[in-house]
Every structure is written in structure tokens, then in C-alpha cells.
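**Q** Dumping the structure here so I can ask a few things about it.
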Amino acid sequence: MELVVSDLDVARGGAVVLRGIGFRLAAGQALILRGPNGVGKTTLLRTLAGLQPAVAGRVSMPPESLAYAGHADGLKAMLTVAENLTFWAAIHGGHEIGPALEAMQLDPLRGRFAAHLSAGQKRRLGLARLLVTGRPIWALDEPTVSLDAASVGLFAAAVRGHLAQGGAAVIASHIDLGLAEADVLDLSPYQVRGDASARRDGFDEAFA
Amino acid sequence: MELVVSDLDVARGGAVVLRGIGFRLAAGQALILRGPNGVGKTTLLRTLAGLQPAVAGRVSMPPESLAYAGHADGLKAMLTVAENLTFWAAIHGGHEIGPALEAMQLDPLRGRFAAHLSAGQKRRLGLARLLVTGRPIWALDEPTVSLDAASVGLFAAAVRGHLAQGGAAVIASHIDLGLAEADVLDLSPYQVRGDASARRDGFDEAFA
Amino acid sequence: MIALLIRDLRLAIRAGGGFGLGLAFFLLVAVLVPLGVGPEAATLARIAPGILWVGALLACLLSLDRLFALDYEDGSLDLLVTAPIPLEGVVATKAMAHWLVTGLPLTLIAPLLGLLLNLPGQGYGALVVSLLLGTPALSIIGAFGAALVVGVKRGGLLMSLLVLPMYVPTLIYGAEVVRRAGLGMDGSTPLALMAAITAGAWALLPFAAAAALRANLR
Amino acid sequence: MIALLIRDLRLAIRAGGGFGLGLAFFLLVAVLVPLGVGPEAATLARIAPGILWVGALLACLLSLDRLFALDYEDGSLDLLVTAPIPLEGVVATKAMAHWLVTGLPLTLIAPLLGLLLNLPGQGYGALVVSLLLGTPALSIIGAFGAALVVGVKRGGLLMSLLVLPMYVPTLIYGAEVVRRAGLGMDGSTPLALMAAITAGAWALLPFAAAAALRANLR
Amino acid sequence: MSIWEYANPKRFMQTTAGVLPWLAVLTVICLVVGLIWGFFFTPDDFRQGSTVKIIYLHVPAAMMAINAWIMMLLASLIWLVRRHHVSALAAKAAAPVGLAFTVVALVTGALWGQPMWGTWWAWDPRLTSFLILTLFYFGYIALWAAIEDPDTAADLTAVLCMVGSVFALLSRYAVNFWNQGLHQGATLSLDKEENISDVFWIPLVISIAGFILLFLTLVLLRTRTEIRSRRLSALLSREARA
Amino acid sequence: MMPDLGKYAGPVLWSYGLGIAILAALVALTLWQGARVRRALAEAEARVGKTDG
Ligand code: HEM
Ligand SMILES: Nc1ncnc2c1ncn2[C@@H]1O[C@H](COP(=O)(O)OP(=O)(O)OP(=O)(O)O)[C@@H](O)[C@H]1O
Ligand SMILES: Nc1ncnc2c1ncn2[C@@H]1O[C@H](COP(=O)(O)OP(=O)(O)OP(=O)(O)O)[C@@H](O)[C@H]1O
Ligand SMILES: [Mg+2]
Ligand SMILES: [Mg+2]
């Protein structure tokens, strides 16, 4: 179980935003993506998740081994916390939702409609989803948005637990997650600015 | 110009979540609301903004003096950065958008459709909106969500500038904004839990 | 106000804004009905006024359902409510913008569709006039419906259920005007009544709609 | 799959899920048309089959527009695409769920509306059968349309434009079946053709729709 | 004490608890007497034959269908002006009852129309406007169902009820543009001008009374249920936060 | 003692049948909902342990 990315170019809205990214992530490792707003973290994660094609380079990992969590949590307002989670569990082959609820301290809210959760509670539910996918590699986009300190702690613990079981995680975040052991990748160096260097890639040489 | 809140009760979804909140905010002051997820920060701010009625107690401030910025930024995906900002400026009596773009370093993006902004860029545009409202009191709900360190700095600077011009700000946030001078209000003590104390309020005695 | 009007018009003509879609839908109805009903000219001529009006009605309706929903979802509505302009004004402005991008074009294109449904010759003038006076009512009534269901996901259908019954009087008078003209009779009475409804709706409904929006936001 | 079907059905019957609204809209069309066209029984009887089918069509259409849009907006779609189930299956399942909450009820209530439009006596059986065989096609074709416009705000109307033309064959055959039955003629040929269209649509369109979704997500 | 005392849910529950049994008994008596009398012990009409018997269901149902909406309108106004939850809930409770009466009137009317007019349905002004009323009932109930915050729903439905009433009235006049219709006019309006003899009149009055009582009973019952479910949800959300 | 309804027996019987059936259904529904809510409320109050109202 290993995620290998070799000189990957990713594009957004028809323009390459990051070029030549490469890293390898073994079981039990976590990688934190840093970089200023708009550098391309979300784009990179979506590419890893296979939601958009890479412009160049390759991403190799076991099939169906990556779970993605983006800016939106994929919750149905009119389903209860438990129903939301059960659904995703069933889709991924029916894991238990009990532990996930535990881990994110959602038990007291399990019967509540997602519509009636506060921003942070929603977010916690979104993270609980990861636990029921049973996928080894997590790709998380700013997972701790609007979480309070305590919940960030919960999250860190969950990630550690995941790593301990031989999982791995790629996390884009601006704030400190308290995951000292994780190594950090700053994306700024890979950023493609709108200058000449951008133009000579196989992607749009046809046009420029 | 002063915001006075005296023993205020706020409710969400038909049940009181915070009771007996009181504080006063004079020109040039900032107040930071803290509290765990779901304590009622958003609810309180919406009540201050007049988006929902208070259950009890009173909020006094000059009319039309408060600008609210919530979890959603109120941007139109199919309008450019400049167009979005100009619109809000016009609605609030046509202030200049130039300075606002400056302050949030959005100049390079002014022609970009909001749909094509990254999470953090969107957020910055949302904050720039505050500057063109020309309102003295800001009520901000987790303003720095998905902002990078640099942008958080920009934001802090903007707030300071606002305070310096005799403005005021109420800010709900989980992370440290680097606004040392602001005083902090922890909402946990005011929280209403489902115990006996909750039951005898005039609000819904009829029903529970 | 002006700024809001301009914004809505601009959004309407931008990609995905759905300008002209109302038209297209109108066109489709006018095409589908003959396909369903069959081609006899006589039948079509008889039902033309009714079908055209029903088509206009539905076209308006469909383009209305997200009138406030979009602003609600992206948070603009919160900000507009706290902005220094009366909410009633906001409602009226948005309804007006909607009429400009839907009702007006419908009115202008209607005669063409009249041909498709071979509407009797004398009917055309009446058709245009009645639509011109009637469609504004459709827009503002629809705005009221949209205000009621803002916040309801999938509000579109619910809204039609609420709004269509309110369209009935306008529909009846409008179609009546055209039919009478087609038969060479005088349609001034129903026309006057319809105009009255339009005026009344624009005078009162903005307040009802604003109230509904406020209730929905808290 | 099953989980997805259950979820969609559950969402449909929850508040704001809009179960039964398709019905209501169908009813409304059946009421509005006579209001526009006027009350003569003879005319209504002649146009009844066509109007009923057009109504069913529109009811399906309106309830379809947010079929994928909602999942797209709240991010579920991203997650479904990366989930270990084929996207084609997702499309088919959602279309099936839609048919269960719309097409089927429509079929069952249609005879009542036949009364309103005083449809000739022999027509009723044909009406039910034709709808039963025809509406599934409407659902899956509409799902394809919804997949094309997912991500477009105000997609609803645009979708109607894309989809309605594809509805035409079903509409023509369906209405024809009912009309023939009404005149006491044999309608088995158009019925067979319509069934064929339905089968073909269900066999092929899920793939097209899945492709469209993938394209829309990147 | 002012009548608004009863607007306090607790007070309302206590009072109605006492009244309901009697009301229920009275309802049953009136309905049974009126309908049985009408069905078994009235002669056939010389023109309409035995179909006149349908009148004992049709007319009361139709009347109450209309009056139920009027009652909802009043309750809505009270809610908007004085914000008494009970009145809002009463309006909510009345809607399904009114709808049921509407359906009864439609069904019996249609069954009556078949022999009398040779058709189940005709786009007669009165019938049409009644059908439109039915649509408003549907819309009103659907709106209640679609919005989950109770007070918001109360406000919205109240506004809808007011605006809807206006448009319902407008349509009533609009449909008159067509033929004057097959349906009897106010042939047996309640002040009983001649053209209908006591044999039909008395049982009709009794069953009308029965329908009125039935309406009251059901509305009270349902309002009590609504109040209870409000308390229930309040308690649950408390628990969730506890 | 069944009255002779003549050739109109069908419509009349159907009217009474359907009409009464609908009303009966409404009554049944009302009672059922009432009972259900009352039960649920009783449970909830037992759990929360409150007595008034
Ligand atoms: C679906 C068909 C019908 C509908 C929707 C309908 C509806 C109504 C309505 C709304 C009323 C007015 C009640 C009131 O305002 O007090 C009414 C009254 C009445 N209907 Fe019908 N009706 C239908 C068919 C018929 C038929 C076929 C007959 C008999 C031939 C009939 C006989 C009457 C009579 C005698 C009254 C009482 C008139 C009065 O004094 O108000 N109805 N019906
Ligand atoms: N649809 C689009 N079309 C064109 N450019 C886009 C589009 N979406 C995003 N961009 C640009 O692509 C770049 C990368 O966006 P991305 O969302 O990946 O940044 P990010 O690192 O996630 O930023 P943040 O930390 O704010 O989320 C940004 O400069 C953004 O302006
Ligand atoms: N529509 C609703 N109905 C019932 N309860 C709700 C509803 N929305 C929120 N709540 C509850 O009200 C409480 C306050 O919510 P609020 O959003 O104000 O919290 P918050 O302080 O903003 O939390 P966060 O920091 O996560 O944003 C939460 O416990 C939440 O579960
Ligand atoms: Mg991002
Ligand atoms: Mg919040």
C-alpha cells in the first residue's frame, strides 16, 4: 500500500497551476500540503482522487484505495446524522458506524437532522465519513475548517489511529494540526505563474 | 456609536441556546467570541444582525450600523471580483472599491469570475465586502476560515484600520487572530443545556 | 435598487443565467401540444389562445423557481436583508428584472407561435396586448411563491403548486381576450379586469413576499 | 445500490423532498388547460389524450431538474464518483428512484384526470398502460439531461430544452395509443414502438449520463 | 377574563378536554339521524328520482369545505396579529378536514352529475371554482409539510392563506365568463325560501348540523395533537442539547 | 326495509359508500395520529421527568 506521485502537472480552469510535483507516501505516513491561497492544493487533491485528469506525470496507488474529503461534506440536510453515515458505510461495503460516531463524539447528535447541526458539528460528521469508508489513503482538503480546539484534537487522534493501522493521509491545511510526525510539503516552489515558463507544456502548446 | 447588549436570550430551531448575554462595545473596540462548536456563536451573531428576533433582552445600536459576514460570502459565481464588489458598494451607497481590493490584495484577480477563485480567495473577497459597506460595526462569523497565514495578517490589519477609524467588531473565531488588543468573551457559561433550568422560560413554557 | 436590477439582468445574460430559456420553453410547449393533440387545423385554431397562455404561464413559472433560492444559498439574501434598502423594494426589483428577461420576450415572440397553432388572424393584436398586460402579474405572483419556498430544497415543484392556482384569473381573462378577438368580439372587459389584477398584485404582493422572506431567514 | 435507492426514496418523502408534487403539477396542468381552452366538452374530449401526455411529460421534467444538482452542490456527487460502485449504476438507481416517486403515481392518478378532460370511455385502459410503459423512458432520458446540466445554476430550464426534444417520440406514440383506443381502434403498434424506446433508453442512456457526469466534475 | 385566555395552550387543553366528549356524542347523533333519515325515509324527487338522497352528503360537505377555508383564514389572521400559537395550529389542523370534505363534495357531486347531467364532470363555474379551492387546500397542506421550523411554517402558511383567499375569490368571478353552468344556484339556501318541501328540508338541516359538529370535533382533536407534537419536538431538541 | 332506489341505485349507493368511507378514514387517521403523538410525548416526558402541562 503506497502512494507514489512522480512529476505531476495539475491544471485548473484550463491553465496549469502546479508543475513537477513528486512524492511517495508509505503506509503509516502522513503528508501535509502547505502553500498560500490559490497555489493549487485543492486542485492537486482532486487530481489525486481521480476527480480530474492529470496534465502530465503519474499517480500510482492500489485501485479504490483513496478517500477524498473536500470543502463540501456531502451531507444530506434532511437525513439524520446516523442515516447520513449509514448510507456512506453501505456504499463502501457496510462498515460499522458506531466507532466513527464515537471517534468524532457525535453519539449525542446521532438522531439530529444534518440541517440542524452547527458548522463545526457538520464538519465532524464529514470527517466521521472517512472512518466508515475503510479506505487506506485519505486525501483531506482543509479538514479542520471551523473546528474548535477540542475537535481538532479529535481529528488529530483519528488520523493517528488511521496511520497506526497502516493507513496514510495527504492533508492540505493552513493551520497547525498538531501532527508533529507528519512531514510537510510546501507547494509554492511548484507553482506555475502566468509567465513564459507556463506556455511550453504539452498541454496547451497546441494553442500557444 | 456604541453596541450595547443586555441580558439577551437567543434561540435556534425553536429552543434557547444562549441565555443572559450582556456586553457593551464602544467605538474602537473589538470583541472576540469563543466557545466550542455548537455553543451558539452563529446564532448570536445572526441575532445581533437582526436576521432573527431575540427571545428576550435587548440589543441597542444606531440603526443600520452593523455589517454581517457569515459562513457564506454572498458572492455570485458568474460575476467578476470587481463586479461583485461594485454591487455591494452600490447597495450601500457607492463607496470606492479600489481601497478594498488593495487591502485584500485582490487587484490581480479583479477581472476573475468568482467561480474561478480558490476557497481562500473567495473568502478574501467576502471580507473586502465589509470595507465597502462603510458600516461602523462588523459582526464576523469565523472570518479566517481557509485563509493562509499571510491573509490572516491582511485581515487583522484591516480590522485594526477599521477600529482606528472609530469602528467596532464582534468576531466569532476558533483560531488566534493576532488581535492582542481585542477582549475575549467565552460563551460556554451562557450556554443553555437540556436540564431543568431550561424549562421555565417564557419562550415556550406553553409547549414544554 | 438600480444596482440590483443591473446585477440581476447581468446574471441573467451570463452563462447559465437562463436568459431566453423561458422563450425556448414557450416554443417547446407550442410545438409539443400539436404533436400530442394531432394536426387538425380546426382543433388547433380553437385551442390556440388557451394553449399559448398556458405555455406563457409555465415558461414564467419555470424561470421563477430559483428567483430567491440562489441568493439564499450563497448568502446574498442575508446581506440584502441587512442592507439599507427596503426588502419590498428588493422583491419588486427582482420581479421586474424577471419580467424584463422573461415576460417581455415572451410577449414579443408570441405571434410567431400563434402561427404554429394557426391562431385566427384577428387574434394576434389581442394576444400581444393581453400578454403585455398579463405577464407582469405572473412575475410578481411568482416572486411571492418563490419567497414562500426559498430555503426548501427542490422548491420548484412546490412553488408551482402554490402559484399556479393564483395564476388562474389572469389565465382565464387573458385567454378570453384572445378568443373573443379571434371571434371578432369585443374583449375590452376581460382585458380591463386582467389589468386590474396586475395592478393590484404589484401594489400588494411585494409586501407579502417581503414578509415571507423575513420569516424564512430567521 | 440498494442503499442509494433507499436514501433517494427517503429523501423524497422527507420534508421538502417533493414527493407527490409531480402529481400535483400533473393535476394542475389538467385543470389549467380547460381553464384556458374553455369548457366545451367536445373540444376537451378531442385534445384529452395529448394534453394528458404533455402534462405527464412536464410533471416528470420538473421533478427531474435537481436529480443530480443537489448531490453536486453538497459534494455527495464527488464522493459517489470515487465510491466503489459503477457510476452507471448510480445513474440508473437514481432514475429508478425518480420513477417510483413520480412516474408510477402519475400513471395511477391519470384516469381521474381523464375524467376532468372527459376522455372517451374506452381510452382509460390505454392511458394507464401507455403511461406505465412510457414514463420509465421519461425518467431515464431526464436523468441524462440532468447529468448534462449538473453544475449549471438555474439548470432546470436549460435541461427542459435539452430533454423535451428527446421526449417527442414517446409523447407521439403514447398520445397516439390513447387516441386510437378512444376511437376504438387498435393501438398495439405505437404501444410496441414506445416500449421499444423505453427499453433502448434504459439500456444505453445510463452510460451516456455517467460520461456526462464525469465530464462535468472535472 | 378575556377569551384570549383560551389561546394559552395549557388552558386550551384543559377546556377542550372537558368539551370534547359531549361534542363527539352530539356529532354522532346528528350525523346518524340526518343521514339515515335522508337515506331511508325521504321520498324520491319527481324529476331527480332517488338521486336527491345524495343531497344529504353533497350539500353539507360542499358548504363545510368552503367554511373550513374561511375558518382557516380567520385563524391565520389571529396568528399574524396576536401570535397565539394555538390559532396557527388550529388552522393547520383544519386543513386536512376541509380537504376531506372537499373530496366528499366532489365525489358525491360527480356521482350525482352522471345521471343528472350525463357526465361526471363539467367545467361549470361553480364546479370549477370549487376545484380551484381544492388546489389551494393542497398547496396549503404541502407548504406546512415542506417547512420544518414550526413558527416559520406558521407565518408562511398564514400569508399564503390570506393571499390565496383573495385569488380564490377572483377566480370565482373569473370563471363566470363562461356559460352560466348546469349546477343549481342557491336553490335551497338556508333561509328556506319555498321550492323545497319539509320532507327534504328537515333531514338536510340535521345532517348539515352534523357536518358542522363533525368539523368542530375533528379540528379540536387535531389541534390537541398538534400542540402535543409541538411540546414533543421542544422536549426532544432539549434532550439533544443536554 | 331497504328503500327502492329505482334505476339510480348505483350512484346513490356509491355516493353514500364513498362519502362515508372518506369521512371514516379521516376520523380514523385523526384518532390514530392523536394516539401516536400522545404516546411519544408520554415517553419523552417520562425520560425528561417533567410533569406539568
Ligand atoms: C363534481 C360535481 C359537483 C361539485 C364540485 C359541486 C359543488 C357544489 C358546491 C360548491 C355547492 C355549494 C355549497 C354552498 O355554497 O352552500 C353545491 C351545492 C349544491 N349542489 Fe353541487 N356540486 C357538484 C355536482 C352537483 C350535482 C350533479 C347536483 C345535482 C344535480 C348538485 C346539486 C347541488 C345542490 C342542490 C346544491 C345546494 C345548492 C345551494 O342551495 O347552495 N351538485 N355543490
Ligand atoms: N474554475 C477555475 N477556472 C480557472 N482558474 C481557477 C478555477 N478554480 C480555481 N482556479 C485558480 O486555480 C488556482 C488553484 O486553485 P485551488 O483551489 O487549487 O487553490 P488552493 O490551494 O486550494 O487555495 P485555497 O487554499 O484558498 O483553497 C487558484 O489560483 C485559482 O484562482
Ligand atoms: N435549524 C436548527 N434547528 C435546531 N437546532 C439547531 C439548528 N441549527 C443549529 N442548531 C443547534 O443550535 C446550536 C447553535 O448552533 P450555532 O451554529 O449557533 O453554533 P456555533 O457556535 O456557530 O457552532 P460552530 O462553531 O460549529 O459554527 C448547535 O447546538 C446546533 O446543533
Ligand atoms: Mg482549496
Ligand atoms: Mg457557526
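**Q** Between D:Leu112, D:Leu138, which is assigned to a helix (DSSP H, G or I), in contact with a Cys (Cβ under 6 Å, 6 or more places away or on another chain) and more than 14 Å from chain A (Cβ to nearest Cβ)?
**A** Sole residue among the options that is assigned to a helix (DSSP H, G or I), in contact with a Cys (Cβ under 6 Å, 6 or more places away or on another chain) and more than 14 Å from chain A (Cβ to nearest Cβ): D:Leu138.
**Q** May I pose another question? Would you point out which residue out of B:Leu25, B:Leu18, B:Leu51 is within 9 Å of another protein chain (Cβ to nearest Cβ) and either surrounded by 19 or more Cβ atoms within 10 Å (Cβ to Cβ) or in a loop (DSSP other than H, G, I, E, B) (or both)?
**A** B:Leu51
**Q** Being more than 30 Å from C:Ile13 (Cβ to Cβ) and not β-branched (Val, Ile, Thr) is true for just one of D:Leu100, D:Leu161, D:Leu148, D:Leu157. Which residue is that?
**A** D:Leu100
**Q** Moving on. Provide a single number: the residues in the stretch D:1-48 that are more than 11 Å from chain C (Cβ to nearest Cβ) and among the hydroxyl-bearing types (Ser, Thr, Tyr).
**A** Residues in the stretch D:1-48 being more than 11 Å from chain C (Cβ to nearest Cβ) and among the hydroxyl-bearing types (Ser, Thr, Tyr): 0 in total.
**Q** Related question: Output the residues belonging to the stretch A:68-82 that are more than 7 Å from chain D (Cβ to nearest Cβ), buried (at least 19 other Cβ atoms within 10 Å of the Cβ) and more than 18 Å from A:Leu131 (Cβ to Cβ).
**A** A:Ala77
**Q** What is the residue count in the stretch D:49-75 for residues that are in a helix (DSSP H, G or I), within 7 Å of another protein chain (Cβ to nearest Cβ) and either surrounded by fewer than 24 Cβ atoms within 10 Å (Cβ to Cβ) or on the phi > 0 side of the Ramachandran plot (or both)?
**A** Total meeting the criteria: 1.
**Q** Based on this model, can you work out whether B:Ala139 counts as within 16 Å of ligand 5 (Cβ to nearest atom) and of a type outside the set (Asp, Glu)?
**A** It is true that B:Ala139 is within 16 Å of ligand 5 (Cβ to nearest atom) and of a type outside the set (Asp, Glu).
**Q** If C:Tyr124 satisfies all but one of (1) in a helix (DSSP H, G or I); (2) buried (at least 24 other Cβ atoms within 10 Å of the Cβ), what's the number of the condition it fails?
**A** Going through the list (1) in a helix (DSSP H, G or I); (2) buried (at least 24 other Cβ atoms within 10 Å of the Cβ), C:Tyr124 breaks only (2).
**Q** Which residues, taken from the stretch A:140-196, are without any contact (Cβ under 8 Å) to a residue 12 or more places away in the chain, assigned to a helix (DSSP H, G or I) and more than 16 Å from ligand 3 (Cβ to nearest atom)?
**A** A:Pro189, A:Ala196
**Q** Additional query: Within the stretch A:113-128, is even one residue crowded, with 20+ Cβ neighbours inside 10 Å, within 16 Å of ligand 5 (Cβ to nearest atom) and not in a helix (DSSP H, G or I)?
**A** yes
**Q** Can you tell me which condition C:Leu104 does not meet? The list is (1) over 14 Å from the mean Cα position of the chain (by Cα); (2) part of a helix (DSSP H, G or I); (3) surrounded by fewer than 20 Cβ atoms within 10 Å (Cβ to Cβ), and all the others hold.
**A** (1)
**Q** For the stretch E:22-45, state whether one or more residues are of a type outside the set (Val, Ile, Thr), more than 24 Å from E:Leu127 (Cβ to Cβ), at pLDDT 90 or above and more than 20 Å from the chain's Cα centre (by Cα).
**A** Yes, the stretch E:22-45 contains at least one residue that is of a type outside the set (Val, Ile, Thr), more than 24 Å from E:Leu127 (Cβ to Cβ), at pLDDT 90 or above and more than 20 Å from the chain's Cα centre (by Cα).
**Q** Out of E:Leu80, E:Leu99, E:Leu74, E:Leu111, report the one residue that is part of a helix (DSSP H, G or I) and under 23 Å from F:Gly34 (Cα atoms).
**A** Selected residue: E:Leu99, the only one of E:Leu80, E:Leu99, E:Leu74, E:Leu111 that is part of a helix (DSSP H, G or I) and under 23 Å from F:Gly34 (Cα atoms).
**Q** Another question, then. Looking at the stretch B:1-15 only, could you name the residues that are surrounded by fewer than 21 Cβ atoms within 10 Å (Cβ to Cβ), modelled with pLDDT of 90 or more and away from ligand 3 (no atom under 16 Å from the Cβ)?
**A** B:Val4, B:Ser6, B:Asp7
**Q** Every residue in the stretch C:13-47 that is within 30 Å of C:Val81 (Cα to Cα) and surrounded by fewer than 22 Cβ atoms within 10 Å (Cβ to Cβ), please.
**A** Hits for the stretch C:13-47 are C:Ile13, C:Arg14, C:Ala15, C:Gly16, C:Gly17, C:Phe19, C:Gly20.
**Q** Which residues, taken from the stretch A:83-104, are surrounded by fewer than 21 Cβ atoms within 10 Å (Cβ to Cβ) and more than 10 Å from every other protein chain (Cβ to nearest Cβ)?
**A** Correct list: A:His95, A:Glu96, A:Gly98, A:Pro99, A:Glu102, A:Ala103.
**Q** Is it the case, given these coordinates, that B:Leu45 is more than 16 Å from ligand 1 (Cβ to nearest atom) and either away from chain A (no Cβ under 14 Å) or part of a loop (DSSP other than H, G, I, E, B) (or both)?
**A** no
**Q** Within the stretch C:154-161, does at least one residue satisfy the condition of being in a loop (DSSP other than H, G, I, E, B) and either touching a Ser or Thr at 6+ places or on another chain (Cβ under 7 Å) or surrounded by 24 or more Cβ atoms within 10 Å (Cβ to Cβ) (or both)?
**A** yes
**Q** If I ask for residues that are free of Cβ contacts under 8 Å to residues at least 40 places away in the same chain and either under 18 Å from E:Phe167 (Cβ atoms) or within 16 Å of ligand 5 (Cβ to nearest atom) (or both), which ones from the stretch E:111-131 would you list?
**A** E:Leu131, the sole residue that qualifies.
The values are calculated or read from the model by the stated rules, or taken from the named source; none is laboratory data. Not measured: the values here are computed from a predicted model. Quick reminder, even Gly has a Cβ in these numbers, built from the backbone with ideal geometry, and neighbours come from all protein chains shown.
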